[in-house]
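**Student:** Supplied in structure tokens, the structure appears directly below.
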Protein chains: 2
Amino acid sequence: MSAISSLVDHEQILDSAQACPAESASQNLHIKALLSKYPALTEDADAACWNMLNQAKLMTVPADTVLFHEAMECKHLMLIVKGQVRVYKDSPEGREVTLYRVEPGQLCVHNLNNLVNGLAYPIMAQTETDMQGLVIPRPIFHKTLEESASFRTYVLRTLTERLSHMVDLVSGFAFDRLDLRIACWLNHEFEKGCGKPIKITHSELAQELGTTREMVSRILKEFEHKRCVQLARGKIHLQCRHTLKLVSQGQGKK
Amino acid sequence: MSAISSLVDHEQILDSAQACPAESASQNLHIKALLSKYPALTEDADAACWNMLNQAKLMTVPADTVLFHEAMECKHLMLIVKGQVRVYKDSPEGREVTLYRVEPGQLCVHNLNNLVNGLAYPIMAQTETDMQGLVIPRPIFHKTLEESASFRTYVLRTLTERLSHMVDLVSGFAFDRLDLRIACWLNHEFEKGCGKPIKITHSELAQELGTTREMVSRILKEFEHKRCVQLARGKIHLQCRHTLKLVSQGQGKK
DNA sequence: CTTGCTATGTAACCTAAGTTACAGAAATTT
DNA sequence: AAATTTCTGTAACTTAGGTTACATAGCAAG
């Protein structure tokens, strides 16, 4: 079991949040700074959208907090300003798969699902780092959806993008061998971090991809033998980008 | 390979469609009849939504027509009136998984993705039966999204529902054994058809679930031995609902 | 009735993935 | 420094799923 602190009640979080009351237009600058990672949202934002953002409350959540879980209803939409949230599904046998990560510039679409359809969905979300987010109460969310074209576009885009991402996940599970999936994941991470070593343990990577620690250890060792990566405790170093790419494309199958 | 007729160009389809020009308010009745399976769309439809529906063209597509495919852009939204469309993903090795089916009352969310984000997504869609649909050109779709609250709600709902469905798919692949997935699928189909025999071949069922014909044959035979079902050429008969349910819940594992 | 096509059955085999069960290394705490 | 916890490595084994390779059955057209 990974380190999980206590489940936090949303209301409590809100009460203890550093409230930013809705105020003048100069407020926009402050909010805009917070949302610097949300160009898709703020760049063409109309008045209704700014109105919503100005009513949002900034809140801080420590790392490893469970934000919502199986069958929990959410009362707010959250725009993440700093930090990241992992959204995952767990199995009765104690395994996990990461569905996606919510980072600054994105919103949790299952949170959305909840707000739009009113039904809770058995899925988990947990902060991986200390997190700051802007909390938008449900009624304001709905009102803004009515009034703001720019917010609507943003929401629709996000939803459809996640959907495409989900299809990729499905097709990975259905068609790709585990070593390919791991190689792709590594590739992607190294790309994102410009080749910086990835900080992750084997069992975390297993939870990421819905498999077991032993499988990950085994396959990573293979990769090390092929000289794509170099392993260290809690870290994976990139050795040869090219070889890794080949492996992730199914070349050099064995 | 299943029977696939030729790929049809959308423009051509439209030209040969039985056009229903936008007209008076009496037209509403006609459209409403066509959309009887879309209560979520028509019940609370506002004027802007009706306006869109009245501009839609009714079109007919024969069975086994490829509606869109890898990297094809779509220029219209389609509301299905009669028949069904299978949306699936295929692998380089020639396997397939069904992602979902679009039936009357629903719309193809990948079609949506395309319309909203403007980018094509590598996915396939094909009519399984003769189909009738209302075609809404892209500009009208966007305009209505702006103007009609009821249409927006409908679109958002559909999207988030599909998303939940995708999570179920992922979690099935990640955690459930093939026999469970088959049992669940059968269960669901029998439920839908009130116990009527399911018309499907083993290799179609394999394409449904992203596996191979031999696996399906093997597992269905097991089920027959357990007396949940009875097999016939191209058909699966329900024998004991209770036993099937047990199997689909992972009871009677072996 | 024969030919041919499609669907199913099945055995033998192979391979990917998961499991069990440790051992030992690296970090962290006491 | 010793003790403890957290990671990693790995071998042996099991099982699920996929593959190959046929055999046979049902159906349909000529």
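Read-outs: derived from the displayed coordinates by stated rules, not from any lab. What you are looking at is a predicted structure, and each value in this text was computed from that prediction instead of being measured. Neighbour counts are summed over all protein chains in view; Cβ atoms, including those assigned to glycine, are modelled from backbone coordinates with ideal geometry.
**Student:** Of the peptides B:121-131, A:77-87, how do they stack up when ordered by the mean number of other Cβ atoms within 10 Å, highest first?
**Tutor:** On the way: B:121-131: 18.8, A:77-87: 21.4.
The most tightly packed comes first, giving A:77-87, B:121-131.
**Student:** Here's another thing I want to ask about it. Calculate the mean, over all residues of peptide A:94-102, of how many other protein chain Cβ atoms lie within 10 angstrom of the residue's Cβ.
**Tutor:** Values: counts 0, 2, 2, 6, 0, 6, 0, 0, 0.
Across A:94-102, the average partner-chain Cβ count within 10 Å equals 2.
**Student:** Can you give me the distance in nm between label points at residue B:204 and residue A:214, each placed 7 Å from the Cα along the Cα-to-Cβ direction?
**Tutor:** Reported label-point gap for residue B:204 and residue A:214 is 4.1 nm.
**Student:** Measuring label to label, 7 Å along Cα→Cβ, what does residue A:147 give against each other copy in nm, shortest first?
**Tutor:** Spacings between copies for this position, smallest first, are 2.2 nm.
**Student:** Suppose a student asked you for the relative contact order of region B:177-248, using Cα pairs under 8 Å spaced at least 6 residues apart; what percent would you report?
**Tutor:** Values: 87 pairs, mean separation 27.4, N = 72.
This gives 38 percent for region B:177-248.
**Student:** Moving on to the next point. Which one of B:112, B:231, B:67 has the biggest mean-square fluctuation once chain B is modelled by GNM with Cα springs under 10 Å?
**Tutor:** Looking only at B:112, B:231, B:67, the largest GNM fluctuation is found for B:231.
**Student:** Please quote Rg/Rh for region B:177-248 to two decimal places, taking the Kirkwood radius as Rh and restricting both calculations to Cα atoms. If you can, show how the numbers build up before the last one.
**Tutor:** Details: Rg = 10.6 Å, Rh = 11.7 Å.
My calculation puts Rg/Rh at 0.91.
**Student:** Taking just the alpha carbons, could you work out the radius of gyration and Dmax for chain A, both in angstroms?
**Tutor:** Gyration radius and largest Cα-Cα distance of chain A: 20.0, 63 Å.
**Student:** So, one more: Which length gain, in nm to one decimal place, applies between residue A:233 and residue A:157 when the Cα-Cα distance is subtracted from 0.36 nm times their residue separation?
**Tutor:** Values: separation 76, 0.36 × 76 = 27.36 nm, distance 3.89 nm.
23.5 nm is the gain from fully extending residue A:233 to residue A:157.
**Student:** How crowded by other chains is B:149-161, given as the mean number of beta carbons from other chains within 10 Å of each beta carbon? Don't skip to the end; give the middle numbers.
**Tutor:** Details: counts 2, 0, 0, 5, 4, 0, 3, 10, 4, 1, 10, 13, 4.
That average works out to 4.
**Student:** Also: So for region B:10-172, taking the charge dipole from beta-carbon charges (+1 Lys/Arg, -1 Asp/Glu), which of B:27, B:104, B:92 sits furthest toward the positive end?
**Tutor:** So the residue we want is B:27.
**Student:** Net charge near residue B:127, counting Lys/Arg +1 and Asp/Glu -1 over other residues with Cβ under 10 Å of its Cβ?
**Tutor:** Numbers: positive: B:86; negative: B:64, B:128, B:130.
Cβ neighbours under 10 Å give a net charge of -2.
**Student:** Now for a different question. Count, for each residue of A:35-46, the Cβ atoms from other chains sitting within 10 Å of its Cβ, then give me the mean as a whole number. Please report the intermediate quantities before stating the final value.
**Tutor:** Values: counts 0, 0, 0, 0, 0, 0, 0, 0, 0, 0, 0, 0.
Per residue, the number of nearby Cβ atoms from other chains is 0 on average.
**Student:** I need the phi-derived Karplus couplings for region B:214-220: 6.51 cos²θ - 1.76 cosθ + 1.60, θ = phi - 60°, integer Hz, Gly and Pro marked x.
**Tutor:** Values, residue by residue: 4, 4, 4, 4, 4, 6, 4 Hz.
**Student:** Read phi for every residue in region A:192-201 and hand back ³J(HN,Hα) as whole Hz from Karplus 6.51 cos²θ - 1.76 cosθ + 1.60, θ = phi - 60°, with x for Gly and Pro.
**Tutor:** Ordered by residue, 3J(HN,Hα) equals 4, x, 6, x, 4, x, 8, 8, 6, 8 Hz.
**Student:** Could you tally the net charge around residue B:95, taking each other residue with its Cβ under 12 Å from the Cβ of residue B:95, Lys/Arg +1 and Asp/Glu -1? It would help to have the intermediate numbers written out before the result.
**Tutor:** On the way: positive: B:89, B:213; negative: A:176, B:90, B:93, B:96, B:208.
Net charge around residue B:95: -3.
**Student:** Where a Cα-Cα gap under 17 Å defines reach, which lysines qualify for residue B:235, not counting those fewer than 8 residues away within the same chain?
**Tutor:** Filter leaves B:192, B:196, B:199, B:221.
**Student:** List the residues, sorted by chain then number, that are 5 or more residues from residue B:131 or on another chain and whose placed amide H is less than 5 Å from its amide H.
**Tutor:** Correct list: B:61, B:63.
**Student:** List the distances, in nm and shortest first, from the label point of residue B:218 to the matching label points in every other copy, placing each point 7 Å from Cα along the Cα-to-Cβ direction.
**Tutor:** 1.8
**Student:** At a threshold of 8 angstrom on Cα-Cα distance, excluding pairs fewer than six apart, so keeping six or more, what relative contact order does region B:10-172 reach in percent? List each step's numbers first, then the result.
**Tutor:** Values: 285 pairs, mean separation 48.7, N = 163.
Normalised by residue count, the contact order of region B:10-172 is 30 percent.
**Student:** Specify the inter-centroid distance of region B:210-244 and region B:107-166, based on alpha-carbon positions, in whole Å.
**Tutor:** Between the Cα centre of region B:210-244 and that of region B:107-166, the gap is 35 Å.
**Student:** Shortest first and in nm to one decimal, what separations exist between residue B:249 and its copies in the other chains, measuring from label points 7 Å along the Cα-to-beta-carbon line?
**Tutor:** 4.9
**Student:** If the viscosity is 1.306 mPa s and the temperature 10 °C, what translational diffusion coefficient in µm²/s does Stokes-Einstein give for the protein assembly as shown when Rh comes from Kirkwood over Cα pairs? Could the numbers behind the result be given before it?
**Tutor:** Details: Rh = 25.1 Å.
After rounding, the answer is 63 µm²/s.
**Student:** I would also like to ask the following. Under a 5 Å amide H to amide H cut-off, with H placed in plane at 1.01 Å, what residues pair with residue A:75 once short-range neighbours are removed?
**Tutor:** none
**Student:** A further question on this structure: Check the straight Cα-Cα distances from residue A:57 and name the lysines below 27 Å, setting aside those fewer than 8 residues away within the same chain.
**Tutor:** Of all the lysines, those that pass the test against residue A:57 - Cα under 27 Å, at least 8 places apart if same chain - are A:32, A:37, A:75, A:82, A:143.
**Student:** Another question, if that's okay. Can you work out ³J(HN,Hα) from phi for every residue in region B:92-98, in order, using Karplus 6.51 cos²θ - 1.76 cosθ + 1.60 and θ = phi - 60°, giving whole Hz and x for Gly and Pro?
**Tutor:** x, 7, x, 8, 9, 10, 7
**Student:** Could you compute how fast region B:109-245 diffuses translationally, taking Rh as the Kirkwood radius over C-alpha pairs and applying Stokes-Einstein at 10 °C with viscosity 1.306 mPa s? Give it in µm² per second. Walk me through the numbers on the way to the answer.
**Tutor:** Working: Rh = 17.8 Å.
Reported coefficient: 89 µm²/s.
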